[in-house]
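The values are calculated or read from the model by the stated rules, or taken from the named source; none is laboratory data. In this text, all values refer to a predicted model and were calculated from it rather than measured experimentally. Reconstructed Cβ throughout: ideal geometry from the backbone, glycine too, with neighbour counts over all protein chains shown. For accessibility, only protein heavy atoms count, side chains too; no ligands or nucleic acids. Shrake-Rupley method; radii C 1.70, N 1.55, O 1.52, S 1.80 Å.
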Amino acid sequence: ADGYYEYTTNECVYSTSDYSDMVYLQSYSFNKDVFLQFNSTVGKYVGLTELGVMNAERFNKDPALLQQRKAEVDRFCRHNAQVLDSAVRDKA
């Protein structure tokens, strides 16, 4: 179909049962190409294209936004991992 396709994904990546290696990733894509990403390990936005670099510079100047994104590891990732992991373990 004609037109543009823009979307954001939020991912929680981990491999240990105690979640000590958990990373929160927020990626911004346009027409299937990621142009901007926040990585909780890096602690800031990283631009992958010219548009992404421009937005990363703007977002990284906002300490409240960066603090909120860093907190997503606990608020979003660990919380949901604990709920979902226990549901899976209870079914086994």
Practice problem: Could you list all residues from the range 1-29 that are farther than 22 Å from His79 by Cα and assigned to a strand (DSSP E or B)? | Solution: Glu6, Tyr7, Tyr28, Ser29
Quiz item: Of all residues in the range 16-69, how many are out of contact with any strand residue (DSSP E or B) (no Cβ under 8 Å at 6 or more places or on another chain), within 30 Å of Ser86 (Cβ to Cβ) and open to solvent by 80 Å² or more (accessible area, probe 1.4 Å)?
Solution: 6
Practice problem: Kindly indicate the residue of the range 52-81 that is in contact (Cβ under 8 Å) with a residue 12 or more places away in the chain and of a type in the set (S, T, N, Q) and also nearest to Glu6 (Cα to Cα) among those meeting that condition. | Solution: Asn55
Quiz item: If you check every pair at least six apart or on different chains, which have Cβ atoms under 8 Å apart with a residue in the range 30-47 that is in a loop (DSSP other than H, G, I, E, B) first and a residue that is modelled with pLDDT under 95 and open to solvent by 20 Å² or more (accessible area, probe 1.4 Å) second?
Solution: Asn31/Tyr4; Asn31/Tyr5; Asn31/Glu6; Lys32/Tyr5
